[in-house]
Amino acid sequence: MKKRFFGNRQKKRSEEPRAAQGEAFEDESRQDGAEPSDGRKGERQSIRTRLTRFFSTKPQKEKVLRHEDFDAAGDVYYAEVSAKYKVAQRILCVLLIVFLLGSFVIHYRDITYGNLFYFVKDFGNAVDLANSGYQSLSYDVHAGQHFTMYRGGIAAVSPSGVLIFTASGRKTLKSTSTFVSPYAVSSDKHLLVYDMAGNTFAVYNSFSKVHTETLEAPVTAATLSPSGTFAVITRTAAYRSMIYVYNDSFGQIGKIGKEQYALALDIDEKGERMAVLYYDVGDGTGRTIVRMYNIAPEKRNQKANEELNRVIYETVIASQFPLGCAFAEDGWLTVVTDGGIHAFQKDGYEAGSDPYSGELSALCATEEGCAVAVRTGALNDQNRILVYGPDGRRLYDGTVSVSVEEMYVRNGYVILKTDQGVTRLDTETGREESYDTHSGKLLVYDEHTAIVCADSKAVYVNFTKE
């Protein structure tokens, strides 16, 4: 009996600590807000505790201090720094994983074999762009050739085909075509070639044709945005001008039909706003109509035949003929007419204008500003050069004693193609630098490098780097 009583007593004693531990665990769970009867809440509490410890510096610091070669008395500061770096590393890893998953979810439709193939092949073009600097480039002679810059290299289009060269002179594309009178515009993403005597246009990347389309009438003008959005001007039986707008996947997102003649257009770098210059006759005189459209898709599955007649603002410039327009990086719009320069803010307010008179020999409108060459001599041997910033402010006003054929504005310089060669003018100091070259189309790589494309050869002109 004593032995049994002693055993029961031992059993009670052994159960007392367990009961105490259970009560303590129950109290601790209640303090943390978790009911012991709810297993899911306890599991959530456990996950929350693990996450807290995972991103806490205290466990990392204790782990460092437990190292046998660590002097806990003198190196506590370094233990704290090490723990912070460890936690920062974990946070960055988690953010990287979240970013990759988010990018995959948002752009999963674009992850295709074709895009991966383009991505791998495009590495060579990026290297060529970094190592640009060839002195001359030869190509076949074709009648009616047109040249444009494309990703630091040259694109040559002719009735027989399309040639694309990288910045190092390597040929990446030779494609046949059926264009009669081709013209090309480009952006950092694509090259758009349209036939001014036909109804077809095509879009190319560095090494293949990616889209082609045939319209009712010839394309008279086109523009490409850095975002990939592009638009073409044509006409239909119902309208004197019809503008078709496309997204970066070459799908038509809408159209704009008007009775006025659309002569020039540009799209901002985000592909959300499009400026169109119209010309018509009002009150017995010709006038320029500047119309700004919102072309951002309002819904995901917007139909191609929908009218994009969402006008942000409209301005009329009386008694002037439209010649060109360009968006600046800050959203300002610069408009060039035969009578002056006009600068508009994003809300349509005309922040500046500068009139001029005379016959224009050349003009340009880019995101960096615009410039015009006004003929002052009877034989086109005297030209007044006017250069403006994106805000319409005049940067340069000078005279050159040569015939001006083409001009470009780049980073505070204006580069002229004249009857004698190529000239660069510094808009701040007025310094001139000229080189004799053969006749041809002027292309500008940057403010220090120009390219003159003749019928069979393109030659680089390198200006002095100040």
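Only the coordinates and a few stated rules stand behind these numbers; no lab work does. Quick caveat, the model's predicted, so the values are computed rather than measured. A quick note on method: Cβ atoms are made from the backbone with ideal geometry, for glycine too, and the neighbour counts reach across all protein chains shown.
Among the listed pairs Lys270/Lys465; Lys441/Lys465; Lys270/Lys441; Lys209/Lys441; Lys417/Lys457, those with a Cα-Cα distance over 27 Å are Lys270/Lys465; Lys270/Lys441. When each of the peptides 414-424, 98-108 is scored by the mean number of other C-beta atoms lying within 10 Å of its residues, the order from highest to lowest reads 414-424, 98-108.
Take the Cβ atoms of Thr399 and Ala351, set R0 to 22 Å, and the FRET efficiency comes out at 0.20. Across region 148-164, computed HN-Hα scalar couplings (Karplus, 6.51 cos²θ - 1.76 cosθ + 1.60, θ = phi - 60°) run 8, 6, 9, 6, x, x, 10, 10, 10, 10, 8, x, 8, x, 10, 10, 10 Hz from first to last residue, x flagging Gly and Pro.
In region 390-466, the inverse of the mean reciprocal separation of distinct Cα atoms equals 12.8 Å; this is its Kirkwood hydrodynamic radius. Near Gly339, the amide H atoms lying under 5 Å from its own belong to Phe321; only residues 5 or more places off or on other chains count, and H is placed 1.01 Å from N. Near His211, the amide H atoms lying under 5 Å from its own belong to Val203; only residues 5 or more places off or on other chains count, and H is placed 1.01 Å from N.
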